[in-house]
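One structure is given below, encoded as structure tokens.
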Amino acid sequence: EEALAMADRMAVLHKGRLAQVGTPEEIYRRPTSAHVAKFIGETNLIEATVVSQSGNSYKVSTVSGEFTGHIGQTDWKPAIGEKVLLSIRPEAWEVVASATTNTTAGKVLEKTYLGQRQQVEVSSPLGHLQVVMLNPKKPLVVGDSLTLTATHEDVIIVPKE
């Protein structure tokens, strides 16, 4: 967090090579690889397969259904049928009554209430997900069932490494 707050531009290296250069917001919000996404902050990495593409949007298939997102790097265009990863930040998930897109069901495994936010570990068909709820009005309880959704802008598609 300190590097994000102080820097105008950042560079992330991976195995001695430049992985991504950009502003802290660009690198955090649009990582170009799973390594960059994990290096710059916590993220949920979810396996998926590309189903279709329309402009900058891609539809992918996961074990929990279809998600729509976009790629973080402009020089990579995944092919239909290609295995990819989705990077979804913990704070990008929203607990909803129901949703039709970019959604998964889950159960609360663990939670930590921190006043202005609640950190939650959720078991879902996508695996164990980290969720951060900002300003939680109704704190969750271990064992609660819930539905999570993320906006298409918050679903970043990166190459499977």
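The values are calculated or read from the model by the stated rules, or taken from the named source; none is laboratory data. Values in this document were obtained by computation on a predicted structure and should not be read as measured data. In this analysis, Cβ positions are derived from the backbone assuming ideal geometry, glycine residues included, and neighbour counts consider all displayed protein chains.
The listed residues are THR68, THR112, and the only one of them that is among the polar types (S, T, N, Q), within 17 Å of ARG29 (Cα to Cα) and in a strand (DSSP E or B) turns out to be THR68. Checked against (1) surrounded by 20 or more Cβ atoms within 10 Å (Cβ to Cβ); (2) among the β-branched types (Val, Ile, Thr); (3) not in a helix (DSSP H, G or I), ILE27 passes all but a single condition, namely (3).
So that you can scan it fast, the table gives a plain yes or no per residue for (1) over 16 Å from ILE157 (Cα atoms); (2) part of a strand (DSSP E or B):
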{"residue": "GLU42", "(1), (2)": "no, no"}
{"residue": "LEU85", "(1), (2)": "no, yes"}
{"residue": "ALA105", "(1), (2)": "yes, yes"}
{"residue": "SER123", "(1), (2)": "yes, yes"}
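With respect to the stated conditions, LYS15 fails to be loosely packed, with under 14 Cβ neighbours inside 10 Å and modelled with pLDDT of 95 or more. Going by the structure shown, is LYS111 without any contact (Cβ under 8 Å) to a residue 60 or more places away in the chain and either within 20 Å of ILE46 (Cα to Cα) or in contact with a His (Cβ under 7 Å, 6 or more places away or on another chain) (or both)? Spelling it out, it is not the case that LYS111 is without any contact (Cβ under 8 Å) to a residue 60 or more places away in the chain and either within 20 Å of ILE46 (Cα to Cα) or in contact with a His (Cβ under 7 Å, 6 or more places away or on another chain) (or both).
Restricted to the range 107-142, and to residues there that are polar (S, T, N, Q) and exposed (fewer than 12 other Cβ atoms within 10 Å of the Cβ), the residue that is modelled with the lowest pLDDT is ASN135.
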